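One structure is given below, encoded as structure tokens.
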Amino acid sequence: MARGPFNTRFATRLGLGLLALGLMVRAAQAVKMGRDAAGQLALADRAEAEGDVEGQIAALSRYLELAPWDTATRARYGLVLARQANNPRSRARALQVLHQVLLRDPKQTDARAKAAELAAALGEATEALRLLAPALAERPDDAALHVQNAHLLLEAGQDIQAAAALQRALELEPKRMAEWLLLAELLHVKLRQP
């Protein structure tokens, strides 16, 4: 049985047609995923407005499955998880999400400060200090960060550095009475200064 000549023009057109069809299907899928993602983000916003934290967490999680590259929303998700974290496992999960955020965008100062807080709550004072250091460099005039740093330094047994951090916080915001008391106690009791 003899074969006829191969029709290259037909094969080329068929291949290009199938390629175009595949691209159109992929584009339609991308549009649908974009709509689904936007819908999940809208659900998260609505849940937040209604005070439904569990609904917000679920919607943000579904959104991030559809848009894993969205670092700002991942930071939002991590911060919501951190606010709800009430045991070591949930704190570790929130910290994991915030670590992902910081790998993608190290300048996320709020995420960094919350990650440091979570690390400290998990008993990792050294890791917490490591996480907080860039936030302090980014916002050196933030008294709250200096106070957080002082508490972490105290946990790490670095009393002199903690006193310096408290002094800096009080230079920035002199009306912080709790920090004045802590500094006085630290200087008098631990460092034996009058």
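Please arrange 109, 8 by accessible surface area, largest first, computed with a 1.4 Å probe and ligands excluded.
Most to least solvent-accessible, the answer reads 8, 109.
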Solvent exposure of segment 49-181 as accessible area per residue, Å², 1.4 Å probe: 52 Å²
What's the extension gain from residue 48 to residue 99 if we count 0.36 nm per residue and subtract their Cα-Cα distance? 16.0 nm
Once 189, 97 are ranked on solvent-accessible area with the largest value leading and a 1.4 Å probe, the list reads 189, 97
Rounded to the nearest 20 Debye, what is the dipole magnitude of the chain about its Cα centre when Lys and Arg each give +1 and Asp and Glu each give -1 at the C-beta? 1220 debye
Go ahead and estimate [θ] at 222 nm for the chain from helices alone: -39,500 (n - 2.57) per DSSP H run with n ≥ 4, summed, over the residue count, rounded to 500. -26000 deg cm²/dmol
Taking all protein chains as present, what is the carbon and sulfur share of the accessible area of the chain, in % to the nearest whole number, probe 1.4 Å? 58 percent
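How would 114, 107, 175, 190 rank on accessible area, largest to smallest, probe 1.4 Å?
175, 107, 190, 114
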Options [x] 1.62; [y] 1.02; [z] 1.31 for Rg/Rh (Cα atoms, Kirkwood Rh); the value derived from the coordinates is listed as [z]
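The values are calculated or read from the model by the stated rules, or taken from the named source; none is laboratory data. These numbers were taken from a predicted model, which means no experiment stands behind them. Neighbour counts run over all protein chains shown; Cβ positions are idealised from the backbone, glycine included. The accessibility values were calculated without ligands, DNA or RNA, using every heavy atom of the protein model including side chains. Shrake-Rupley method; radii C 1.70, N 1.55, O 1.52, S 1.80 Å.
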